[in-house]
Structures are given as structure tokens and as C-alpha cells.
1. Kindly provide the set of residues from region 1-30 that are without any contact (Cβ under 8 Å) to a residue 12 or more places away in the chain and either part of a helix (DSSP H, G or I) or touching a Gly at 6+ places or on another chain (Cβ under 7 Å) (or both), ordered by number.
2. With the structure loaded, tell me whether residue 66 is modelled with pLDDT of 90 or more, among the aliphatic types (A, V, I, L, M) and surrounded by fewer than 10 Cβ atoms within 10 Å (Cβ to Cβ) or whether it fails that test.
3. Take residue 28 and tell me if it is under 14 Å from the mean Cα position of the chain (by Cα), open to solvent by 60 Å² or more (accessible area, probe 1.4 Å) and not hydroxyl-bearing (Ser, Thr, Tyr).
4. Does region 54-63 contain at least one residue that is within 30 Å of residue 4 (Cα to Cα) and part of a helix (DSSP H, G or I)?
5. Hey, any hits in region 70-88 for a residue that's assigned to a loop (DSSP other than H, G, I, E, B), loosely packed, with under 13 Cβ neighbours inside 10 Å and β-branched (Val, Ile, Thr)?
Amino acid sequence: MTADGVQVLRVFGREYSFRAPPSQDALLQEAAALLQQHLADSQRQFPNATGDKLLVLTALNLCVPLLQQNEQMQDVEQRIAASVARISQQLAAQG
């Protein structure tokens, strides 16, 4: 990060500059490295894809696990809410 708060990250051979709080510096560097790794994986998986197409394919491959995780989180939240409701009913019946 430069003194004026501008973060420069290099991804897929291009530099991207943007403002970010200093507290985000390490996280953004880690995210850029992870993205670069996924881009390399996508490039091996789709050798004919270039540029924007490769970026979109990589983004989609990254989104799928996030959506699955969100779905799992919603299921867990529903189970917890059901358990809390059962416990509340049992406590009310005893009290």
C-alpha cells in the first residue's frame, strides 16, 4: 500500500489500484494470491479460455462454493431455531 492509501494488486498479469483501509492490506494481498491461484487452476482446466472469459469462469467457480455454504448456513440456522423453539416449549410446559 502506498502512503496515500492506494492499494495496488497484481492479478493475471495486470495491476489494479484502489483505495482500501490499511487494516485490509494483508487480507487483500491474501485474496489476490488466492484469486491468482484459482485463475491458474482455471487456465489449466480451460486452456482455450483467455482474458475476460477466464476471469468469468474463475469467478463462477468461486461463487458456487459460497452459494453452497450459504445454503448450508441457512439449513443450520433453521435447525437451531427449531431446537430453540422446542426447548422454549419444554421450559414453558415445565414452568
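1. The answer is 23, 26, 27, 30.
2. Values: modelled with pLDDT of 90 or more: yes; among the aliphatic types (A, V, I, L, M): yes; surrounded by fewer than 10 Cβ atoms within 10 Å (Cβ to Cβ): yes.
Spelling it out, residue 66 is indeed modelled with pLDDT of 90 or more, among the aliphatic types (A, V, I, L, M) and surrounded by fewer than 10 Cβ atoms within 10 Å (Cβ to Cβ).
3. Considered against the rule, which asks whether it is under 14 Å from the mean Cα position of the chain (by Cα), open to solvent by 60 Å² or more (accessible area, probe 1.4 Å) and not hydroxyl-bearing (Ser, Thr, Tyr), residue 28 comes out as no.
4. yes
5. Looking through region 70-88, none of the residues is assigned to a loop (DSSP other than H, G, I, E, B), loosely packed, with under 13 Cβ neighbours inside 10 Å and β-branched (Val, Ile, Thr).
The values are calculated or read from the model by the stated rules, or taken from the named source; none is laboratory data. Not measured: the values here are computed from a predicted model. Please note: Cβ atoms are built from the backbone with ideal geometry, for glycine as well, and neighbour counts cover all protein chains shown. Just so you know, the surface numbers come from the protein's heavy atoms only, side chains and all, with ligands and any DNA or RNA stripped out. Shrake-Rupley method; radii C 1.70, N 1.55, O 1.52, S 1.80 Å.
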